[in-house]
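The structure appears right after this line, and notes come after that.
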Amino acid sequence: MTRDDCRILSARFGRSDGHRLAVYEAEGGYTALRRALKEMTPLAVREEVKTAGLRGRGGAGFPTGVKWGFVPAEAQTVYFMVNADESEPGTFKDRWIMDYDPHAMIEGSIIASYAVRAGLCFIYIRGEFGWLVDRVQTAVDEAYRAGYLGRNILGSGFDLEMIVHKGAGAYICGEETGLINSIEGRKGQPSIKPPFPAVQGFLKQPTIVNNVETIAAVPPILREGAAAYRRFGTEKSPGTKLWSVSGPVRRPGVHEIPLGLPFREFFAQDLGGMADGEELKAVIVGGSSVPILTADEILACNLDYESLAAAGTMLGSGGMIVIPRRCDMVELIQVLMHFYWDESCGQCTPCREGTGWLHRIVRRLRAGEGTIADLDLLDKVCNGMMGLTICPLSDAAVMPMRSFLTKFRNEFAALARRPEESGPRSRWARTTNEVIG
Amino acid sequence: MNDTAAASGAFALSAASLARLDAVVARYPTRESALMPALWIVQDEQGHIPPSGVVWLAARLQVPEARVWEVVTFYTMYRSEPQAKYVLQVCHNISCHIMGARGIIGHLEERLAIRLGQATADGLFQLEGVECLGSCGSGPCLQLGRHLYENLTPAKVDALLDSLRRGAPLRPDTDRSLEG
Amino acid sequence: MVRLTIDEQVIEVADGTRLFDACTQVRGEALPHFCYHPDLSIAGVCRLCQVEIEGAPKLTIACNTVVKDGMVVRTGSPRVQAAVTSILEMHLINHPVDCPICDQAGECGLQDQYMVYGLYESDVAKRDKVHKRKAEPIGPYVILDQERCVLCSRCVRFCAEITKTGELGILQRGDRAEIAVAPGRVLDNAYSLNTVDICPVGALTSRDFRFQKRVWLLRSTPSVCPGCATGCNVRVDHEGGRVWRLRPRRNDEVNGPWMCDHGRMEYKHLHAADRLTQPLVRREGVLQPVEWREAWAELERLVRPGGVALALAGPHQTIEELLLFRRLGELLGGPEAVYGGVVGTDRGEGDALLIDGDRAPNRAALGWLGLREAPADELAARLGPGRMAVVYGGDPAALSPRLASALAGGEFIYLGTRRGATAEAAAVALPLSMWAEKDGLLANRQGRLQALRAAIARPGTAREDWRVLAEWLGRLGAPPPPTTLAALRREVAAALELPPGIDLNALPATGFVARSGADAPAAGGR
């Protein structure tokens, strides 16, 4: 099996015309939709996706077909939402899908809406992807004109409206209840659960939210069948994954590979190894919100959910950040801690105060004003943040912080002032020392 | 003290924007839920969302003013004050950092003679540091309006600044207009 | 019913009970919390009410959990305590150490919970502290200190869900988040001071009460607000003979946990500069302060049974007082001379929450005792040269010019609390008690009997109303008037034909509905 055989999601990547409806249709686009609407019930569609074992590609990895089944059978008004808020550091695969293959996302959304009996679908695109908002809207308009959206789609009796919703700059809107609240015209703050969105979401109605990459896999699954999809990947991680690769490798960018491929092979063959003069130090595999792996650790891993979990990290969004030896790990964690402090929605006290505190402690350390006790303090603050909040952003800050501290402790310790350098803390006392001697 | 008419008096939208606003309100399931696209319509036309606009919009969508302010201040892209002509937003998150964002920021600071977070006196440029822009494999990068400039080098930055000063911006890397 | 185990204790509670409330039942006190409030929606943001539920991998917040049969819950395990201690510390790291100048000290959720779960060595470097704006008035009654705020969002939810006025929001995000009114707006709904009650810390405090009195010096007497016919239950907070503030007292049948701002300011009248503090008798055209003995002598000289053309009461007096006054009035002028008040006075705009358009606390009782309100003209017509009047309470001369000139044309006795226009024109003015200086029963718009309680002493030589009325009846040779309030209340119970077993000296906590009010609304404040 070559890489070209795996181009399930990336068939049109890099092309200048793949976004056009005519091209998409010529290459098999919207046949899956036809099959779903004309030959299958919503339940059958759900079952097919469940059988295929498709897992959420936004970060949580939850089985998509199972999620679709959470909508109560008696629900009258259901909403479907596509999470195109892609803001996880290191992740840019959804951007490529929307840029090169927006119809894959659209067709998948229509099929998904049919499967969960939604009548209105929102595509929530982060505000910073301004040019993509235009591009996707153009594709949506094409789909309407072709009769794939609107009333009585393809004569099936199924109605669906689709709205492209532009975000305005908030990472937390990538959390599904934050996204829902954002579309309701509020701050994108996550909601407490229960109730869960599948039961009570947008405007208190059942709502399903799926990631762009997840939904773009739906037409191929429906077109070729679940068994064909399962030819790729592993038992627990079927299918292919788009890896967003950044850092000084020879070939950064979005790469589609079957799940389960050894990192060693991916790194050497697809990425071309490190660029000239660079050495591999560490990798964050799943977007910044997962524990970091050292070079030795990642080289022993396969790139699938279970293998990475066994290695103590998570596949997450598949945002692979390759870190070279020249990088100062404390400097990098300061960058990340700034990010979580910036993006915390501020609702829950542990996250709101903890993200700021972590950032300030690291910043002080780097300014040469921290002590060895600050390393224990960092750990203590993490304890006050982990598993105690409404949404996982707090945990997302803790996981890199803890893993950096554990695996690169020497770099942190090197920044700590030695006790004899500390001196009296108060400016008055220092002045006194200088005067008295 | 709570006089809507006076507080929103100075605010008005163009006929075209009003039409877009009405269309958006009609499409969204509730008036309240149309707030975000409504704010974009105001900001796209006026460059920012003035306080009088907040009052006007709150009344039109029948939401409390405090709610509109919550939304305006929560999301980084909504601006309640006038902005410089070109707002250069450079990503300083981890991947761009590894690929040299700090150097690009330093270069911009030097060329524009301002620090990050400041604006040039002539009102032409504003320099901001922002979080991940989804361009990690092509960093360092910056956002200007609806587009990104990627794979930045000092030379590319200089070319961009010159082009902006001439009023003829360099073609952004995300410009797909030639594809049709 | 649901059966569950909390801290090794098995309890049974109704279906749908919140785990938070079930835990309170078992523990005898609430779990640590800021954002939970039984009358507001669940926010779940302070994260303090974490408990361990067997079978759940993570700790769970009790406020957003409904009890389930067979649940096994632990509220005090080491894991829970460690979490609460950590989370509380997060609340404290940017909280200013304002206690010495903060009004909330002594009734502060942060202080109280710190003493139980905190007592830390601080780990926060001073330069790491986030600063926010302090001491900004945001409305006529409320002042905001953003730095003290723990962002529990109770105030925002109150304005959104109870008053539905939406003045408050939480702007920005992260640790820059701050409570604010919309720029250019004020927090001026009629219930704004309730946000001060529910604010667990000193972020929202009362401008009126600011820096007035340390709360641990206050004594609290339960009573009823006299501001309107709703009769919100209140706490009269007093010290050194002065009332310093009023706060609502929960009565789910009447006002929930709320009261209006106007009602809160009712205490100010108690200390008005024009209080009648001594009996006044007119000598050579000028009112002179006298001893009670002299006042009684003048009274007996001026007023003879049968010589009173008008005995005018008002809807602000208690039921016991109105009963005695009716008796007195009938003795002095016959039943046709006795009136309950001037029609159309003490009326205003009501709302759908707690404020009643009837601005008197006991108008219902006028009807029960057959005391009719009449137009000012009718009352004035009964007056004239040589015709005496007895005016009890209120300031009718100020309210009606017609009545004022009619009163001025003759001689009349005034019994009241303030030296207003009516007292100023009287032949004799007797100083009585205001609502917080006496015990007495009021009937609200629901027909509910509720009790005033004396909290502070009367000024000067002012006396309790009912004792003055009883003494006057005694001096007129009426059948023995009651000598104790308890005895008087037994007469009230008989007059109202209350069911036996109702002890007016020991009313149930939520009061007693003696008769359904004409348009008895459901309990307000919900």
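The values are calculated or read from the model by the stated rules, or taken from the named source; none is laboratory data. All values reported here derive from a predicted model rather than from experimental measurement. Cβ atoms come from the backbone with ideal geometry, glycine included; neighbour counts cover every protein chain shown.
Among the conditions (1) farther than 27 Å from A:M81 by Cβ; (2) more than 12 Å from every other protein chain (Cβ to nearest Cβ), A:A282 misses just one, which is (2). Has the range B:169-179 got at least one residue that is within 9 Å of chain A (Cβ to nearest Cβ), among the polar types (S, T, N, Q), touching a helix residue (DSSP H, G or I) at 6+ places or on another chain (Cβ under 6 Å) and not in a strand (DSSP E or B)? There is at least one residue in the range B:169-179 that is within 9 Å of chain A (Cβ to nearest Cβ), among the polar types (S, T, N, Q), touching a helix residue (DSSP H, G or I) at 6+ places or on another chain (Cβ under 6 Å) and not in a strand (DSSP E or B). Would you tally the residues in the range B:6-30 being surrounded by 14 or more Cβ atoms within 10 Å (Cβ to Cβ), within 14 Å of another protein chain (Cβ to nearest Cβ) and aliphatic (A, V, I, L, M)? Matching residues across the range B:6-30 total 4. Residues that are within 22 Å of the chain's Cα centre (by Cα) and assigned by TED's automatic domain parsing to the domain that holds C:G334 number at least 3 in the following strands (runs of 3 or more DSSP E) confined to the range C:421-518: C:440-443, C:448-452. Taking the listed residues A:R135, A:R126, the one that is modelled with pLDDT of 95 or more, within 12 Å of another protein chain (Cβ to nearest Cβ) and touching a Gly at 6+ places or on another chain (Cβ under 8 Å) is A:R126, with no other qualifying. Beta carbons closer than 6 Å, at least 6 apart along the sequence or on distinct chains, pair a first residue in the range C:10-23 that is over 19 Å from C:Q50 (Cα atoms) with a second that is basic (K, R) for C:E12/C:R3. Looking at A:G318, A:G346, just one residue is on the phi > 0 side of the Ramachandran plot, modelled with pLDDT of 95 or more, more than 14 Å from chain C (Cβ to nearest Cβ) and surrounded by 20 or more Cβ atoms within 10 Å (Cβ to Cβ), and that residue is A:G318. Within the range A:297-315, restricting attention to residues that are surrounded by fewer than 18 Cβ atoms within 10 Å (Cβ to Cβ) and hydrophobic (A, V, I, L, M, F, W, C), the residue that is nearest to A:H255 (Cα to Cα) is A:L299. Candidates are the residues of the range C:50-78 that are part of a loop (DSSP other than H, G, I, E, B) and within 14 Å of another protein chain (Cβ to nearest Cβ); the one that is surrounded by the most Cβ atoms within 10 Å (Cβ to Cβ) is C:V67.
Checked against the criterion of being at negative phi, at pLDDT below 95, of a type in the set (D, E, K, R) and surrounded by fewer than 24 Cβ atoms within 10 Å (Cβ to Cβ), the candidates A:D99, A:D5 yield just one match: A:D5. Taking the range C:165-228 and the strands (runs of 3 or more DSSP E) fully enclosed by it, the elements with 1 or more residues that are charged (D, E, K, R) are at C:178-181, C:219-224. Checked against (1) free of Cβ contacts under 8 Å to residues at least 12 places away in the same chain; (2) closer than 30 Å to C:G256 by Cα; (3) of a type in the set (V, I, T), C:V26 meets all criteria but (1).
Scanning the range C:152-186 for residues that are within 23 Å of the chain's Cα centre (by Cα), more than 10 Å from chain B (Cβ to nearest Cβ) and either buried (at least 22 other Cβ atoms within 10 Å of the Cβ) or not acidic (D, E) (or both) yields C:R154, C:C155, C:R157, C:F158, C:I162, C:T163. Only residues that are part of a helix (DSSP H, G or I), among the aromatic types (F, W, Y) and in contact (Cβ under 8 Å) with a residue 40 or more places away in the chain were counted in the range C:112-157, giving 1. For the range A:357-376, filtered to residues that are crowded, with 18+ Cβ neighbours inside 10 Å, facing another protein chain (nearest Cβ under 10 Å) and within 21 Å of A:M399 (Cβ to Cβ), the residue that is farthest from the chain's Cα centre (by Cα) is A:D374. Picking from residues in the range C:363-416 that are among the charged types (D, E, K, R) and within 28 Å of the chain's Cα centre (by Cα), the one that is surrounded by the fewest Cβ atoms within 10 Å (Cβ to Cβ) is C:R372.
Across the range A:24-68, the qualifying residues are those that are in contact with a Phe, Trp or Tyr (Cβ under 7 Å, 6 or more places away or on another chain) and among the basic types (K, R), and the one among them that is surrounded by the fewest Cβ atoms within 10 Å (Cβ to Cβ) is A:R46.
Of the helices (runs of 4 or more DSSP H) lying entirely inside the range B:31-81, those carrying at least 2 residues that are within 17 Å of the chain's Cα centre (by Cα), without any contact (Cβ under 8 Å) to a residue 24 or more places away in the chain and more than 14 Å from chain C (Cβ to nearest Cβ) are B:35-46. When the test is whether a residue is closer than 17 Å to B:T153 by Cβ, within 12 Å of another protein chain (Cβ to nearest Cβ), surrounded by 23 or more Cβ atoms within 10 Å (Cβ to Cβ) and within 15 Å of the chain's Cα centre (by Cα), B:C91 passes it.
Considered as a group, the residues in the range C:314-362 that are out of contact with any Gly (no Cβ under 7 Å at 6 or more places or on another chain) and hydroxyl-bearing (S, T, Y) include one that is surrounded by the most Cβ atoms within 10 Å (Cβ to Cβ), and that residue is C:Y339. Of the residues making up the range A:251-266, those that are away from chain B (no Cβ under 12 Å) and either touching a residue at least 24 places away in the same chain (Cβ under 8 Å) or in contact with a helix residue (DSSP H, G or I) (Cβ under 8 Å, 6 or more places away or on another chain) (or both) are A:E256, A:I257, A:P258, A:L259, A:G260, A:L261, A:P262, A:F263, A:R264, A:F266.
Applying the set (1) polar (S, T, N, Q); (2) surrounded by fewer than 18 Cβ atoms within 10 Å (Cβ to Cβ); (3) closer than 21 Å to C:A309 by Cβ to C:T461 leaves exactly one unmet item: (3). Report yes if some residue within the range A:165-186 is outside any loop (DSSP other than H, G, I, E, B) and away from chain B (no Cβ under 13 Å); otherwise report no. Taking every residue of the range A:165-186 in turn, at least one turns out to be outside any loop (DSSP other than H, G, I, E, B) and away from chain B (no Cβ under 13 Å). How many residues does the range C:23-47 contain that are surrounded by 22 or more Cβ atoms within 10 Å (Cβ to Cβ), hydrophobic (A, V, I, L, M, F, W, C) and within 12 Å of chain A (Cβ to nearest Cβ)? Residues meeting the conditions: 5.
For the range B:115-150, residues that are away from every other protein chain (no Cβ under 11 Å) and among the small types (G, A, S) total 4.
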